[in-house]
Amino acid sequence: MRQGECNLITDIPGLAVGNAEDHTLKSGVTVVTADRPFKAAVHVMGGAPGMRDTALLEPDKLVEDIDAIVLSGGSAFGLDSASGVMQALREKGRGFQLGEVHVPIVPAAILFDLMNGGDKNWKENPYPGLGRQAFLAADKSFSLGTAGAGTGAMAGNVKGGLGSASAVLENGFRIGALVAVNALGSPLVPGQRKFWAAPFEIDAEFGGFGMPDAIDPLFEPVLPKLTDNPGGNTTIAIVATDAALSKSGCLRMATAAQDGMARALVPAHTPFDGDCVFGLSTGSAGPASPSDQLMLGHAASLCLARAIARGIYAARSAEGDPFPSLDEYSPD
């Protein structure tokens, strides 16, 4: 297994990612789309999820292919970002066809960033417009850190952000991850400026800070936001491959990828997070055997752990942020 060319989810051929953000609002939207419809499923492990049009991703539901996936800030208000993406897709003639009608299929997941110091006193919900902007900006190259859905994110006691990573397996299949990190748990080992994801780092992709020092196995995690903002978190992610998977295969890959979240954030999957992972297959590289699918799940978990750390590493502080970015953080 090796790192992909750009170390982004868009190393999967055909995928594109677009970001849109409002730094006064301290929030934004990230859209993943492709040059043709793709298979997807979703797995939820957090206790407080916020989602739209995800029931149709279940393996027994009629619709097989979707047109985009949206990750958004804004809590439930951010679910409307999918409306802006749907409109842009409709203008391109994309969507599930029923007679002469096309209905774009755009599942979405949101994180809570309404108490991060941004100006939330809007007169009209800004998220449909941000969703449309993000879709129209979709490209192979995109920004990490304080961008898109990660613009106003927080993670433990540091600033969160948008992260991505990729890998190429020995069998030639590609895997990639994209994540907006807004976790209650911390990406950093207590009392250290080192990542929980350090064992999985490739080529100093998130700073090369090295392996953590000795850790008390009975430590209790510091949860600075719990009393201030219960339920105000969530890490939302997408793992993608060019292997041809069914919706059931996508679900299995997404389920395995949750291990990467638990490796990179401590604690993960709490009652106060809405942690979820979408699994996405473009199918362009052909079918995957059962052993291939095992390796895809393993690689997805590693990519997601790396992507989480990359999002934290790339984030930058802005005026009014409740927590410092990593480059300004001191564990003392």
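The values are calculated or read from the model by the stated rules, or taken from the named source; none is laboratory data. All of these numbers come straight from a predicted model, not from anything done at the bench. When we count neighbours, we look across all protein chains shown, and the Cβ atoms used for this are built from the backbone with ideal geometry, even at glycine.
Here are the numbers for the structure shown:
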read-out	value
Those residues of the range 110-154 which are without any contact (Cβ under 8 Å) to a residue 12 or more places away in the chain and acidic (D, E), in sequence order	E124
Answer residue from the range 194-223, given it is modelled with pLDDT of 95 or more and charged (D, E, K, R) and is farthest from L8 (Cα to Cα) among those	K194
Within the range 283-301, tally of residues that are assigned to a loop (DSSP other than H, G, I, E, B) and free of Cβ contacts under 8 Å to residues at least 60 places away in the same chain	2
Selected residue (criterion: surrounded by the fewest Cβ atoms within 10 Å (Cβ to Cβ)) from residues of the range 189-223 that are acidic (D, E) and more than 20 Å from D332 (Cα to Cα)	D203
Conditions (1) over 19 Å from the mean Cα position of the chain (by Cα); (2) at pLDDT 95 or above; (3) over 22 Å from D242 (Cα atoms); (4) part of a strand (DSSP E or B); number of the one not met by P37	(3)
Among the residues listed as L71, L114, L89, the single one being in a loop (DSSP other than H, G, I, E, B) and hydrophobic (A, V, I, L, M, F, W, C)	L114
Residues satisfying the stated conditions in the range 92-111, i.e. part of a loop (DSSP other than H, G, I, E, B) and at pLDDT below 95	K92, G93, R94, G95, G99, E100
Where L280 falls short, out of the listed (1) farther than 22 Å from A34 by Cβ; (2) in contact with a helix residue (DSSP H, G or I) (Cβ under 7 Å, 6 or more places away or on another chain); (3) outside any loop (DSSP other than H, G, I, E, B)	(1)
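For (1) of a type outside the set (A, V, I, L, M); (2) surrounded by 20 or more Cβ atoms within 10 Å (Cβ to Cβ), each residue gets a yes or a no:
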position: D35; (1), (2): yes, no
position: A41; (1), (2): no, yes
position: G50; (1), (2): yes, yes
position: D60; (1), (2): yes, no
position: V70; (1), (2): no, yes
position: G78; (1), (2): yes, yes
